[in-house]
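Enquirer: My questions will all concern the structure given below.
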Amino acid sequence: MKFAFAGIDFLGGVFEALTGAGWQPIKLFTRPCDGIYDFNDVVVAHARRYRVPIQLSRLRPADIDALTAEHGRDWALVVAGYPWLITGWPGRVRYALNFHPSPLPNGRGPYPLFKAILDSYESWGMTAHVLAEDGFDTGDILAQEIFPLSPLETHETLLARCQMAAMRIAAGPIARELPARWRSPEPQGDGSYWPRVTDADRTLDFRQPVEAVLRKVRAFGAIETVARLNDARVFVASADGWSEPHRHAPGTIVHRHRRHLLVAARDGYVQITRWSTLPLAEAGQTGR
């Protein structure tokens, strides 16, 4: 099967899984990345290895027309981690599908992994679905993998698990069974849409129990949470803690050791072990 891939490294393993299953890439649609939170180095390297064209601008119906003129209609448009809504594909290409890191229909939206941990979900999943033209992540389901979550799940472990599940789906049911699954997909029905998180969503509240504070730190991981300490704004990448009765006001720094800060929470202490006064985007990835 020939395919065009639209995405970045976030779910770039889908590109690799499909080529490993014998599919032939014909074009990469990606976007400029900041090299801090988002990357496309790997998918670009794959495209160059296969000597296929690379487009950084938004995919338009005219781009699909150009591929159809060259390759006919019998190819697949595979989307995985692409920010723009793609329209105009019906009648131009035989298959168009999206990989989304949630157990659809729950968790539609730009990046549901944070909320999956924040809301203490006991299971999560990865879904491949028909690409919808009228909204994000609403198309009929072609394949899905569900897996349990640990009570101590982190952003990084959940991301890795979603990436591995996406590769299994791509190499298995999609690469081997797409025509049959395309004929009988499963409608999603009613679901939930989760908007992009804000700085307020990332801000730690030390009036909460230690467990809730640490869960938020785990939910964002290297993306960082925000803590307000002594009128300063601190960006937190890692923290630990424990429950213990005390009389300190929540948010008070009660102990310091080198760069470790011990902060009072409602029912114990949170020890901030990796932090900066600048967010990752400004501070860079070293020296933190």
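Enquirer: Straight-line reach from residue 2: which lysines fall under 30 Å, measuring Cα to Cα and dropping same-chain residues less than 8 apart?
Expert: The qualifying lysines are 27.
Enquirer: Moving on. At 1.4 Å probe size, what's the solvent-accessible area of residue 197? Round to the nearest 10 Å².
Expert: Approximately 50 Å² of residue 197 is accessible to the 1.4 Å probe.
Enquirer: In addition: Given the chain, what percent of its DSSP beta bridges are antiparallel, to the nearest 5?
Expert: Values: 34 of 54 bridges.
Looking only at bridges with both residues in the chain, the antiparallel portion is about 65 percent.
Enquirer: Let me ask you something else. Using a 1.4 angstrom probe and counting only protein chains, how large is the accessible area of residue 136 in Å², to 10?
Expert: Residue 136 exposes around 90 Å² with every protein chain in place.
Enquirer: Highest first, please rank the peptides 94-105, 37-48 by the mean number of other Cβ atoms sitting within 10 Å of their residues.
Expert: On the way: 94-105: 23.8, 37-48: 16.5.
Peptide ranking by packing, descending: 94-105, 37-48.
Enquirer: Any lysines with Cα under 24 Å of the residue 115 Cα? List them, leaving off those in the same chain fewer than 8 positions away.
Expert: Counting by Cα, and skipping residues close in sequence, residue 115 has these lysines nearby: 216.
Enquirer: Continuing with the same structure: Leaving ligands, DNA and RNA out of it, work out the accessible area of residue 243 with a 1.4 Å probe and give it in Å² to the nearest 10.
Expert: 80
The values are calculated or read from the model by the stated rules, or taken from the named source; none is laboratory data. Being a predicted model, the structure only gives us computed values, none of them experimental. All Cβ positions, glycine included, derive from the backbone under ideal geometry; neighbour counts span all protein chains shown. Quick note on the areas: whole protein, heavy atoms, side chains included, nothing else; ligands and nucleic acids left out. Shrake-Rupley method; radii C 1.70, N 1.55, O 1.52, S 1.80 Å.
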